[in-house]
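Peer 1: Quick one: this structure, given as structure tokens, is what I'll be asking you about.
The values are calculated or read from the model by the stated rules, or taken from the named source; none is laboratory data. This structure is a prediction, so every number in the text was calculated from the model and none was measured. As a convention, Cβ positions derive from the backbone with ideal geometry for all residues, glycine included, and neighbour counts pool all protein chains shown. Quick note on the areas: whole protein, heavy atoms, side chains included, nothing else; ligands and nucleic acids left out. Shrake-Rupley method; radii C 1.70, N 1.55, O 1.52, S 1.80 Å.
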Amino acid sequence: NVASNLSITVVGASGDLAKKKIFPALFALYYEDCLPENFMVFGYARTQMTDEELRNMISRTLTCRIDKRENCEDKMDQFLKRCFYHAGQYNSEEDFAELDSKMIEKEAGSKSNRLFYLSIPPNIFVDVVRCASVKASSANGWTRVIVEKPFGRDSESSAELTKCLKQYLAEDQIFRIDHYLGKELVENLSVLRFSNLVFEPVWSRNYIRNVQLIFSEDFGTEGRGGYFDKYGIIRDIMQNHLLQILALFAMETPVSLDAEDIRNEKVKVLRSMRPLLLEDVVIGQYKGHSKGSKLYPAYIDDPTVPKDSLTPTFAAAALFIDNARWDGVPFLMKAGKALHTKRAEIRVQFRHVPGNLYKRNFGTDLDKATNELVLRVQPDEAIYLKINNKVPGLGMRLDRSDLNLLYRSRYPKEIPDAYERLLLDAIEGERRLFIRSDELDAAWSLFTPLLKELEQKKIVPELYPYGSRGPVGPHYLAAKHNVRWGDLS
Ligand code: BG6
């Protein structure tokens with residue numbers, strides 16, 4: 001049920017996200033025949049550029065799927081022919097009116113739907129939405145707007161942004177994107193829980209000891225320091241990506257798979273959580289480090305970052321859900337830049353086996369004998385369950401082994417990028433994976449008091465060397481809740 005006439009405008013077309021993610025995702029959708037017959041892509045930005053220059057720029061980042069290359073070059077050419085550029089100011093109604101004329105001129109047929117992707121800094125969201133909705137919205141089809149985070153810096157600024165956007169758009173026209181929701185393993189969370197008998201019955205405080213949501217990157221904020229310094233890792237990763245995963249992980253069974261039913265449950269679980277306190281969190285910032293002849297810069301070496309910046313590039317937090325299912329279960333989050341590895345995973349540590357007959361086989365450390373379910377979101381998607389197993393032989397030795405579902409062996413086809421899934425959903429009007437405004441409010445309520453306190457009290461982050469495993473603070477935080485980080489054991 002893909003719309004028959006579609007114009008997609010990427011506002012901020014010369015930016016990094018557009019080049020790296022949005023245009024390639026659009027091409028992938030085109031390549032997979034997911035776009036309607038009559039579709040066009042418009043790049044909009046302030047830079048002067050011709051259509052040809054835009055096409056050259058886009059073509060540099062397009063790739064073909066590994067498994068079928070045959071007609072890829074042709075497909076690229078056909079795709080690029082449907083890409084156009086319009087230079088304009090972000091706050092100029094006339095410029096958007098010109099874009100509108102250009103679109104009308106090229107739109108064939110009677111009905112045209114329009115999708116705007118705002119890949120721009122948040123301070124110009126409202127201007128663009130105003131100009132686009134007043135001058136360039138569809139006269140005879142739908143108009144939708146995809147908005148990228150940050151959605152404000154705290155509860156107040158987020159509410160203000162929502163209020164301003166709603167002057168021009170209805171809630172069902174706004175698609176707030178959190179690209180983690182488009183990742184294969186995150187989408188699979190619901191399938192795993194709700195369509196396997198073996199998981200849902202143990203999905204509660206009765207069996208689960210703690211849940212860990214871990215995000216790490218092996219590079220710093222290189223080139224993005226200016227943006228990052230205003231937000232920090234808690235806003236950049238925890239309040240959105242990790243919290244969204246947590247909500248999907250912990251929500252009650254929705255009435256149906258309908259977007260509203262799912263989002264109702266997510267809001268409910270977010271509202272059952274305690275806002276974070278200072279004592280629930282540790283923060284860190286990376287410092288320079290040399291390894292052999294290679295020098296790794298400190299966060300504050302970035303010329304766009306103030307030398308005395310206290311912005312955290314690393315944080316760990318303990319969250320709690322005050323409801324019957326999760327009472328007392330720590331949900332630990334850890335997110336950091338410039339660490340030793342790039343990884344995102346969900347780790348579920350189960351309780352000890354009561355009266356375990358094989359207790360003596362584990363020595364004194366019974367924690368090492370508990371089951372652990374790991375969902376590796378990236379890289380190298382996998383789901384594995386750590387179980388205790390008898391080592392074959394005449395003796396009785398136990399071994400912790402994995403039941404392992406490795407995606408690349410089981411599903412050799414390349415996994416689509418999260419942006420492909422989400423763009424397709426927005427085109428099809430599927431809102432399940434987009435953030436509703438009440439969800440956003442609930443998410444900010446959890447983090448706003450903490451963020452304010454960190455800033456007011458000028459809490460100094462613990463320094464950790466670029467490329468290391470991060471500061472030691474998270475170990476103490478975890479130990480306070482009787483938890484050991486699964487990724488370090
Ligand atoms: C973005 C953050 O939302 O997610 C970036 O702003 C981060 O700082 C990125 O690098 C990580 O996304 P992915 O898909 O590469 O894990």
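Peer 1: Which numbered condition trips up Arg410, out of (1) open to solvent by 70 Å² or more (accessible area, probe 1.4 Å); (2) touching a residue at least 12 places away in the same chain (Cβ under 8 Å); (3) closer than 30 Å to Cys34 by Cβ?
Peer 2: Checking Arg410 against (1) open to solvent by 70 Å² or more (accessible area, probe 1.4 Å); (2) touching a residue at least 12 places away in the same chain (Cβ under 8 Å); (3) closer than 30 Å to Cys34 by Cβ, the one that fails is (2).
Peer 1: Have a look at Gln78, Gln89 and point out the one that is among the polar types (S, T, N, Q), assigned to a helix (DSSP H, G or I) and within 27 Å of Asn140 (Cα to Cα).
Peer 2: Gln78
Peer 1: Give the residues of the range 322-338 that are among the aliphatic types (A, V, I, L, M) and either part of a loop (DSSP other than H, G, I, E, B) or surrounded by fewer than 22 Cβ atoms within 10 Å (Cβ to Cβ) (or both), sorted by residue number.
Peer 2: Once the filter is applied, which keeps residues that are among the aliphatic types (A, V, I, L, M) and either part of a loop (DSSP other than H, G, I, E, B) or surrounded by fewer than 22 Cβ atoms within 10 Å (Cβ to Cβ) (or both), the range 322-338 yields Ala324, Val329, Ala338.
Peer 1: Shifting gears a bit: Which members of the range 447-482 meet the condition of being over 25 Å from the mean Cα position of the chain (by Cα) and outside any helix (DSSP H, G or I)?
Peer 2: Scanning the range 447-482 gives Lys457, Lys458, Ile459, Val460, Glu462, Leu463, Pro465, Val472, His481, Asn482.
Peer 1: Out of curiosity, is Asp280 over 27 Å from Leu433 (Cα atoms), open to solvent by 10 Å² or more (accessible area, probe 1.4 Å), within 16 Å of the ligand (Cβ to nearest atom) and not aromatic (Phe, Trp, Tyr)?
Peer 2: no
Peer 1: Ile233 is checked against (1) assigned to a helix (DSSP H, G or I); (2) farther than 26 Å from Lys183 by Cα; (3) within 16 Å of the ligand (Cβ to nearest atom) and fails just one. What number does that condition carry?
Peer 2: For Ile233, the exception is condition (2).
Peer 1: Cβ-Cβ below 6 Å, separation at least six or inter-chain, first residue in the range 231-257 and within 28 Å of Thr304 (Cα to Cα), second in a helix (DSSP H, G or I) and within 12 Å of the ligand (Cβ to nearest atom): which pairs?
Peer 2: His241/Tyr180
Peer 1: Okay, moving on. Being away from the ligand (no atom under 16 Å from the Cβ), open to solvent by 10 Å² or more (accessible area, probe 1.4 Å), assigned to a loop (DSSP other than H, G, I, E, B) and touching a residue at least 12 places away in the same chain (Cβ under 8 Å) is the requirement here; does Pro275 meet it?
Peer 2: For Pro275, the condition - away from the ligand (no atom under 16 Å from the Cβ), open to solvent by 10 Å² or more (accessible area, probe 1.4 Å), assigned to a loop (DSSP other than H, G, I, E, B) and touching a residue at least 12 places away in the same chain (Cβ under 8 Å) - is met.
Peer 1: Considering the range 236-260 alone, what residues qualify as being open to solvent by less than 30 Å² (accessible area, probe 1.4 Å), more than 16 Å from the ligand (Cβ to nearest atom) and either in a loop (DSSP other than H, G, I, E, B) or acidic (Asp, Glu) (or both)?
Peer 2: Passing the criteria: Met251, Pro254.
Peer 1: Right, something else. Of the conditions (1) farther than 24 Å from Asp441 by Cβ; (2) in a helix (DSSP H, G or I), Thr221 fails just one. Which one is it?
Peer 2: Against the list (1) farther than 24 Å from Asp441 by Cβ; (2) in a helix (DSSP H, G or I), Thr221 comes up short only on (2).
Peer 1: In the range 227-259, which residues are more than 24 Å from Ala318 (Cα to Cα) and touching a Pro at 6+ places or on another chain (Cβ under 9 Å)?
Peer 2: Tyr227
Peer 1: With the condition kept exactly as written, say whether any residue in the range 261-271 is without any contact (Cβ under 8 Å) to a residue 60 or more places away in the chain, open to solvent by less than 10 Å² (accessible area, probe 1.4 Å) and within 25 Å of Ala324 (Cβ to Cβ).
Peer 2: The answer is yes; a qualifying residue exists.
Peer 1: Of the residues Leu451, Leu488, which is of a type outside the set (Gly, Ala, Ser) and under 22 Å from Gln244 (Cβ atoms)?
Peer 2: Checking each option against the conditions leaves just Leu451.
Peer 1: A follow-up question, please. Pick from the range 139-170 the residues that are small (Gly, Ala, Ser) and in contact (Cβ under 8 Å) with a residue 60 or more places away in the chain: which of them is farthest from Ser4 (Cα to Cα)?
Peer 2: The extreme case among them is Ser155.
Peer 1: Just wondering, is there one or more residues in the range 347-354 that are crowded, with 16+ Cβ neighbours inside 10 Å, in contact (Cβ under 8 Å) with a residue 40 or more places away in the chain and touching a Pro at 6+ places or on another chain (Cβ under 9 Å)?
Peer 2: Within the range 347-354 (the criterion being crowded, with 16+ Cβ neighbours inside 10 Å, in contact (Cβ under 8 Å) with a residue 40 or more places away in the chain and touching a Pro at 6+ places or on another chain (Cβ under 9 Å)), the answer is no, since none of the residues qualifies.
Peer 1: Restricting attention to the range 284-296, report how many residues are buried (at least 18 other Cβ atoms within 10 Å of the Cβ) and in contact with a helix residue (DSSP H, G or I) (Cβ under 7 Å, 6 or more places away or on another chain).
Peer 2: 3
Peer 1: For the range 350-363, state whether one or more residues are in a strand (DSSP E or B) and of a type outside the set (Ser, Thr, Tyr).
Peer 2: yes
Peer 1: Assess whether Arg351 counts as being away from the ligand (no atom under 16 Å from the Cβ), at pLDDT 95 or above and basic (Lys, Arg).
Peer 2: In short, yes.
Peer 1: Let me ask something additional. For the range 370-387, name all the residues that are away from the ligand (no atom under 16 Å from the Cβ) and either within 14 Å of Val353 (Cα to Cα) or open to solvent by 40 Å² or more (accessible area, probe 1.4 Å) (or both).
Peer 2: Within the range 370-387, Thr370, Asn371, Glu372, Leu385, Lys386, Ile387 qualify.
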